[in-house]
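The values are calculated or read from the model by the stated rules, or taken from the named source; none is laboratory data. All figures in this text were calculated on a predicted structure; none of them were measured in a lab. FYI the Cβ positions are ideal-geometry reconstructions off the backbone, even for glycines, and counts take in every protein chain you see. Only protein heavy atoms, including side chains, enter the accessible area calculation; ligands, DNA and RNA are left aside. Shrake-Rupley method; radii C 1.70, N 1.55, O 1.52, S 1.80 Å.
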Amino acid sequence: MTRNMEDLWQQVFSVGTEWEAMDEIYGSNWDFSNLENAFEEGGELLGQNVYLFGCTETQGIADASLVPVVVAVVSRFAPSDKIAIVSVQRANEQIWPMKRLKMDWYPYIPLGRRDAKVEDLKSCRVFILRCKQRKVGLKQLGIDRAKEYDYCLPHFYNPFKKDEDDQQESEVQILFSRESEPPLICSFDWELDVLDELIEQEALAADEKDAFKDFVKEKVREAKKVQREAREAKEKMLQEMGDETRAAFDSIRFYKFYPVSLPGSPEIAKSSFINRAYDSEVFLLFSKFGR
């Protein structure tokens with residue numbers, strides 16, 4: 001018998017999963033009946049506004065394999081309309097609108113209501129992250145743009161959370177151009193480093209020292225200005241935020257679903273960690289066996 005939400009996990013886009021692995025992930029018979037149960041009588045997600053996105057985790061070492069995971073965000077509003085692009089090849093994290101990568105939140109329609117009128121579906125309270133980019137169209141984007149899909153992470157910003165972003169970076173990256181030598185590339189920490197010592201360490205010519213010192217000082221001033229403006233913008237936002245919005249942030253909850261471990265199948269290692277943007281209290285929801 002077909003279950004009303006049995007394709008739910010397959011409808012949720014798996015963010016940051018390489019396109020070559022998508023067919024294998026979605027083509028496998030993973031059991032997410034625990035996710036379905038959460039929307040049934042007595043379930044943690046029944047009657048809630050829920051936003052779902054997928055991801056994958058590597059399990060095992062010698063015989064590594066990808067395991068799909070579904071994250072549920074219980075929230076009065078969409079957790080984000082942004083996506084983060086992160087990789088070791090990129091110097092900095094980049095934040096883009098989801099629509100740049102053809103992603104957005106869409107209502108999930110259970111199998112039993114797929115033929116309902118649009119007006120009848122306005123009460124939908126389950127939303128899934130979907131991506132309308134097709135694999136065949138990736139070649140038209142170019143290698144760099146196509147690779148963004150492999151390195152993207154769902155972005156979530158909680159203005160009330162105290163994290164490493166509140167501990168401002170004191171390091172700037174330096175790219176100092178010179179006429180007769182290759183550019184000087186280094187970093188300078190204005191809290192830990194001494195500029196004169198850096199100049200000696202890099203063995204700058206006498207006629208370059210003053211220009212280099214001015215260049216580094218300007219980079220430090222620019223970085224401090226950016227941090228100050230970001231701090232002031234956050235403080236202003238918090239001051240202007242209404243009680244309803246504050247309450248909405250306070251009520252957000254995160255749930256993480258792994259496939260159900262079936263008899264005879266390898267045990268799946270489970271972690272409450274999602275990614276650093278979603279580094280909050282996460283509830284692991286899984287059952288020992290399926291239905």
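I'd like the full set of residues that are at pLDDT below 90 and open to solvent by less than 70 Å² (accessible area, probe 1.4 Å), limited to the stretch 22-40.
Answer for the stretch 22-40, where residues must be at pLDDT below 90 and open to solvent by less than 70 Å² (accessible area, probe 1.4 Å): 22, 25, 26, 27, 28.
Output the residues belonging to the stretch 90-147 that are in a strand (DSSP E or B) and at pLDDT below 90.
Matches in the stretch 90-147: 94, 95, 96.
Name every residue in the stretch 1-44 that is farther than 13 Å from residue 69 by Cβ and aliphatic (A, V, I, L, M), in order of residue number.
Selection gives 1, 5, 8, 21, 22, 38.
Take residue 48 and tell me if it is surrounded by 14 or more Cβ atoms within 10 Å (Cβ to Cβ) and in a loop (DSSP other than H, G, I, E, B).
Yes, satisfied.
Can you name every residue in the stretch 203-213 that is within 39 Å of the chain's Cα centre (by Cα) and either surrounded by fewer than 15 Cβ atoms within 10 Å (Cβ to Cβ) or touching a residue at least 24 places away in the same chain (Cβ under 8 Å) (or both)?
The one that is within 39 Å of the chain's Cα centre (by Cα) and either surrounded by fewer than 15 Cβ atoms within 10 Å (Cβ to Cβ) or touching a residue at least 24 places away in the same chain (Cβ under 8 Å) (or both): 212.
Considering every residue within the stretch 218-228, establish whether at least one is open to solvent by 40 Å² or more (accessible area, probe 1.4 Å) and in contact with a helix residue (DSSP H, G or I) (Cβ under 9 Å, 6 or more places away or on another chain).
No: the stretch 218-228 contains no residue that is open to solvent by 40 Å² or more (accessible area, probe 1.4 Å) and in contact with a helix residue (DSSP H, G or I) (Cβ under 9 Å, 6 or more places away or on another chain).
Looking at this structure, is residue 283 in contact with a Leu (Cβ under 6 Å, 6 or more places away or on another chain) and in contact (Cβ under 8 Å) with a residue 60 or more places away in the chain?
So residue 283 does not fit the description; no.
Looking at the structure I just gave you, is residue 248 outside any loop (DSSP other than H, G, I, E, B) and within 24 Å of the chain's Cα centre (by Cα)?
It is true that residue 248 is outside any loop (DSSP other than H, G, I, E, B) and within 24 Å of the chain's Cα centre (by Cα).
Test residue 156 against the criterion of being modelled with pLDDT of 80 or more and either in a helix (DSSP H, G or I) or over 27 Å from residue 6 (Cβ atoms) (or both), and give yes or no.
So residue 156 passes the test.
I'm checking my understanding of the structure. Among residues of the stretch 159-180 that are acidic (Asp, Glu) and at pLDDT below 80, which one is least open to solvent (accessible area, probe 1.4 Å)?
Looking at the filtered set, the residue picked out is 163.
What are the residues in the stretch 8-29 that are farther than 23 Å from residue 51 by Cβ and not in a helix (DSSP H, G or I), if any?
Of everything in the stretch 8-29, those that are farther than 23 Å from residue 51 by Cβ and not in a helix (DSSP H, G or I) turn out to be 18, 28, 29.
For the stretch 241-265, give me each residue that is exposed (fewer than 12 other Cβ atoms within 10 Å of the Cβ) and within 22 Å of residue 34 (Cα to Cα).
263, 264, 265
Please work out which one of (1) farther than 13 Å from residue 128 by Cα; (2) open to solvent by 20 Å² or more (accessible area, probe 1.4 Å); (3) outside any helix (DSSP H, G or I) is the condition residue 5 fails and give its number.
Failed condition: (1).
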